[in-house]
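Structure, as structure tokens:
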Amino acid sequence: MKAIAGLIALALLWSTVSAGADEAPPPPGCEVPANLLTTDNTLNKVAEAVKTEGRLDIMVIGSRSATVVAADGTGFPGRMEAALRDKLPTVKVNVNLQLQIKKTAGDVVHDLDHILEGKQPTLVIWQTGTVDAMRAVDPDDFRTAVDDGVTALKRQGADVVLMNLQYGPRMETMITTAPYLDVMRLVAQQHEAPLFDRFAIMHHWNETGQFDLFNNSRGIELAKRVHDCLGRALATFVIDAARIKPAELRTQQ
Amino acid sequence: MTSVTDQPAGGLAESAVKDRAPPSSPVQKAPAPVGGPAPGERELRLDLFRGLALWLIFVDHLPPNLFTWLTIRNYGFSDATEIFIFISGYTAAFVYGRAMTDRGFVVASARILKRVWQIYVAHVFLFTIFLAEISYVATSFENPLYTEEMGILDFLKQPDVTIVQALLLKFRPVNMDVLPLYIVLMLFLPLILWLMQRKPDLTLGLSVVIYAITWEFDLNLPAYPNGVWFFNPFAWQLLFVFGAWCALGGARRMAPLLSSRILLGICIAYLLAAFFVTLTWHVPRLGHFVPRIIEQWMYPINKTDLDVLRFMHFLALAAVAVRFLPSNWPGLRSPWLKPAILCGQHSLEIFCLGVFLAFAGHFVLAEVSGGALIHVVVSLSGIVIMSAAAAVFSWYKRVAAKGGKDAKSAEANADLAGGGS
């Protein structure tokens, strides 16, 4: 009897081990659910520039969380640039990062003329909300500011993508994010501008265990990997929103 | 529940009448303020809904998880805060209104101020716990991914200013906004009650006027380090005063209105419309079905200033609840609802416990970094702990009341309405 039980136990153990071997952990592929990477709102100017001129000038207006340590290539703007060049080899991609550290959406709108001076980006990716949430700016004022900003950017002839706050599990007891996320979703909807839901994506990564965002370590490896994945996801998002089919582009050339 | 038999037959009208009028005969005979349940009787529906509101507030304060989908804010404009403030206004007016009639303005005011003090102490206690948690995070958490967000902890560099601002109710960290609102509302309760007992409709009218002025001129109280109170007391007083108005006879007068089929139809239509609009937030593709004009008019639905749409949503919910849940509904006696009712009967204690458990829950989730399962376990155990604590409080009150019946009678009466003394 004992022997049979032992055999069964061994067999079970074996089957679990082999099952585990079959499902080897997926390589760090930055999986994002499709619904977070698709949008109904289109980037027509981007599509046109890519098809007719073969170039894409992007400006990222962001706060401190648009970088890892400094404004180098490791932040998501730089990673997006690399991913876009990779996916659209025939297109001249150029990303310009405008860091607006410790500035609320209202401050940024106030300086917008200065930020845009002498530049004609086809696409502006505006990452905002963090500073406003930290300072508990009245959500009404935040809404007015984002609304004004998107209007001004569109008037300049640019397509606009809004990017919301980072998700940070330890930040939840300290920063009230919900009203700011709501406002950004709303303004994006009203202007038919695509919203890159950084918050939901990072939340998903944390839930599924792709990234341990609770991590306490001071090393910058985790931050670098997260930004890399964000950059890739953002590139996919932009291509999807512009309804560009990389394969078609290649055959056109 | 002798009053039940006094009412005309016809289940719906009857239930509407009984709903908000305190369930005892004195109410029916004498004008509102003196009415109150006979000892041992209480409006269990108020307790039930307040208990549920406390649970929902707790769940909403935790990081989003499976349980969050059960909270009413996902199905309409208003959420548990509206329920909590309305019922608080109702029970406070009910308890202290009677005290004011029996013992006079000064004594009743003194008792209200004592209550305000208790709530204030509770708030300071919660703030202390918050400070401990934040300081822990500040010293142990240095992930460079969140360098920007950690800037929020800069206030720890000036504890002198921060603590004083917290004592002044101007610095209120996340999830600690409801008690300061409650404190301010209670502070004005003596005035509200005094006027309400003489001119109830005028009082309610004044409240509406203040609400309107608030919207017109953007009144609010300043917060620290900047911004304004998350729950604007000038706006939220409307729900509190409306609760008081209902308690002091308004509900009885509204009974015919509440039993009308047309009103029920309007309420249900509005709730469905609100549900659909909420759905478009979660499924943006549906957003195209909402006409642009309505969108422009409707948004933003402002929680800080208690948007009219939120207030209406609460009214519609309340009207429907009153209609379909008569106060003699047998389910109110069922052991399944007992935990929620017990929680509603000790609202201040359970509210504070809920905020504390939400902090603790965040902490546990951060340390364990578990998945959805741990989230559910944390939510469930929070609710169980709240219910168990409420059961202990009830047990203690019973024992204490037995011990010193005469000395304690005033307090025991006050406790009946869950407003405490």
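The values are calculated or read from the model by the stated rules, or taken from the named source; none is laboratory data. Computed from a predicted model, the values in this text were never measured in an experiment. Here Cβ is always computed from backbone atoms with ideal geometry, including for glycine, and neighbour counts include all displayed protein chains.
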Checklist entry - Out of all the residues in region A:167-184, is one or more of a type in the set (A, V, I, L, M) and closer than 29 Å to A:GLU48 by Cβ? => result yes
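Okay, residues lined up against (1) at pLDDT 90 or above; (2) within 11 Å of another protein chain (Cβ to nearest Cβ):
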site	(1), (2)
B:VAL107	yes, no
B:ILE119	yes, no
B:ALA122	yes, no
B:LEU126	yes, no
B:ASN143	no, yes
B:THR147	no, yes
B:LYS157	no, no
B:ARG172	no, yes
Checklist outcome for this item: Of the conditions (1) touching a helix residue (DSSP H, G or I) at 6+ places or on another chain (Cβ under 7 Å); (2) in a loop (DSSP other than H, G, I, E, B); (3) within 22 Å of A:VAL69 (Cα to Cα); (4) of a type outside the set (Val, Ile, Thr), the single one that A:ASP212 does not satisfy is (1)
Checklist outcome for this item: Going through region B:258-294 in order, the residues found to be among the small types (Gly, Ala, Ser) and either in contact with a His (Cβ under 9 Å, 6 or more places away or on another chain) or outside any loop (DSSP other than H, G, I, E, B) (or both) are B:GLY265, B:ALA269, B:ALA273, B:ALA274, B:GLY287
Item to check | Unique match (being in contact (Cβ under 8 Å) with a residue 24 or more places away in the chain, hydrophobic (A, V, I, L, M, F, W, C), buried (at least 23 other Cβ atoms within 10 Å of the Cβ) and within 14 Å of another protein chain (Cβ to nearest Cβ)) among B:PHE77, B:PHE94 | outcome: B:PHE77
Item to check | Output for region A:55-73, where each listed residue is of a type outside the set (Ser, Thr, Tyr) and either surrounded by fewer than 21 Cβ atoms within 10 Å (Cβ to Cβ) or outside any strand (DSSP E or B) (or both) | outcome: A:ARG55, A:ASP57, A:ARG64, A:ALA66, A:VAL68, A:VAL69, A:ALA70, A:ALA71, A:ASP72, A:GLY73
Next on the checklist: So for region B:167-176 (the condition being touching a residue at least 12 places away in the same chain (Cβ under 8 Å) and at positive phi), does at least one residue qualify?
Outcome noted: yes
Next on the checklist: For the structure I just gave you, tell me whether B:ILE112 is out of contact with any Cys (no Cβ under 8 Å at 6 or more places or on another chain), within 11 Å of chain A (Cβ to nearest Cβ) and in a helix (DSSP H, G or I).
Outcome noted: no
Checklist entry - What residue, of B:VAL184, B:VAL241, is of a type in the set (Val, Ile, Thr), in contact with a Pro (Cβ under 9 Å, 6 or more places away or on another chain) and in a helix (DSSP H, G or I)? => result B:VAL184
Checklist entry - Residues in region A:94-102: is at least one in contact (Cβ under 8 Å) with a residue 40 or more places away in the chain and surrounded by 16 or more Cβ atoms within 10 Å (Cβ to Cβ)? => result no
Checklist entry - Scanning for something under 22 Å from the mean Cα position of the chain (by Cα) and either buried (at least 16 other Cβ atoms within 10 Å of the Cβ) or in contact (Cβ under 8 Å) with a residue 40 or more places away in the chain (or both), does region B:276-294 turn up at least one residue? => result yes
Checklist entry - Just checking, how many residues over region B:327-347 are small (Gly, Ala, Ser) and not in a helix (DSSP H, G or I)? => result 2
Checklist entry - Among all residue pairs at least 6 apart or on different chains, which show Cβ distances below 7 Å where the first residue, located in region B:324-336, is farther than 9 Å from B:LEU44 by Cβ and the second is of a type in the set (A, V, I, L, M, F, W, C)? => result B:ASN328/B:MET1; B:ASN328/B:VAL4; B:GLY331/B:LEU337
Item to check | Condition met for B:LEU373 (at pLDDT 90 or above and in a helix (DSSP H, G or I)) | outcome: no
Item to check | Checklist (1) of a type outside the set (A, V, I, L, M, F, W, C); (2) under 20 Å from the mean Cα position of the chain (by Cα); (3) closer than 18 Å to B:ILE87 by Cα applied to B:TYR211, failing item | outcome: (3)
Checklist entry - Regarding A:ILE244, is this residue of a type in the set (Val, Ile, Thr), touching a Pro at 6+ places or on another chain (Cβ under 6 Å), more than 29 Å from A:VAL137 (Cβ to Cβ) and modelled with pLDDT under 95? => result no
Next on the checklist: Suppose we keep only residues that are exposed (fewer than 13 other Cβ atoms within 10 Å of the Cβ) and of a type outside the set (S, T, N, Q) within region A:37-54. Which one would you say is farthest from the other protein chains (Cβ to nearest Cβ)?
Outcome noted: A:GLU53
Checklist entry - Quick check: is even one residue across region B:181-195 within 14 Å of another protein chain (Cβ to nearest Cβ), more than 21 Å from B:ARG98 (Cα to Cα) and either surrounded by 17 or more Cβ atoms within 10 Å (Cβ to Cβ) or not acidic (Asp, Glu) (or both)? => result no
Next on the checklist: I need the full set of residues from region A:178-215 which are buried (at least 21 other Cβ atoms within 10 Å of the Cβ), within 14 Å of A:ASP132 (Cα to Cα) and at pLDDT 90 or above, in order please.
Outcome noted: A:TYR180, A:VAL183, A:MET184
Checklist entry - Within region B:327-338, how many residues turn out to be under 21 Å from the mean Cα position of the chain (by Cα) and among the charged types (D, E, K, R)? => result 1
Checklist entry - Restricting attention to region B:299-326, which residues are more than 20 Å from the chain's Cα centre (by Cα) and assigned to a loop (DSSP other than H, G, I, E, B)? => result B:TYR299, B:PRO300, B:PRO326
Next on the checklist: So for region B:20-35 (the condition being buried (at least 17 other Cβ atoms within 10 Å of the Cβ) and modelled with pLDDT of 75 or more), does at least one residue qualify?
Outcome noted: no
Item to check | Members of region B:305-349 found to be among the hydroxyl-bearing types (Ser, Thr, Tyr) and either surrounded by fewer than 20 Cβ atoms within 10 Å (Cβ to Cβ) or more than 30 Å from B:GLN118 (Cα to Cα) (or both), listed by number | outcome: B:SER327, B:SER334
Checklist entry - Which one is farthest from B:LEU365 (Cα to Cα), of the residues in region B:57-106 that are part of a loop (DSSP other than H, G, I, E, B) and either of a type in the set (Val, Ile, Thr) or touching a Gly at 6+ places or on another chain (Cβ under 6 Å) (or both)? => result B:THR71
Item to check | Qualifying positions in region A:217-253 - within 13 Å of chain B (Cβ to nearest Cβ) and either touching a Leu at 6+ places or on another chain (Cβ under 8 Å) or part of a helix (DSSP H, G or I) (or both) | outcome: A:GLU221, A:LEU222, A:ALA223, A:LYS224, A:ARG225, A:VAL226, A:HIS227, A:ASP228, A:CYS229, A:LEU230
Next on the checklist: For A:PHE214, only one of the following conditions fails: (1) facing chain B (nearest Cβ under 8 Å); (2) farther than 23 Å from B:SER140 by Cβ; (3) of a type in the set (Phe, Trp, Tyr). What is its number?
Outcome noted: (2)
Checklist outcome for this item: If we ask which residues in region B:187-225 are part of a helix (DSSP H, G or I), out of contact with any Ser or Thr (no Cβ under 8 Å at 6 or more places or on another chain) and not hydroxyl-bearing (Ser, Thr, Tyr), their number turns out to be 20
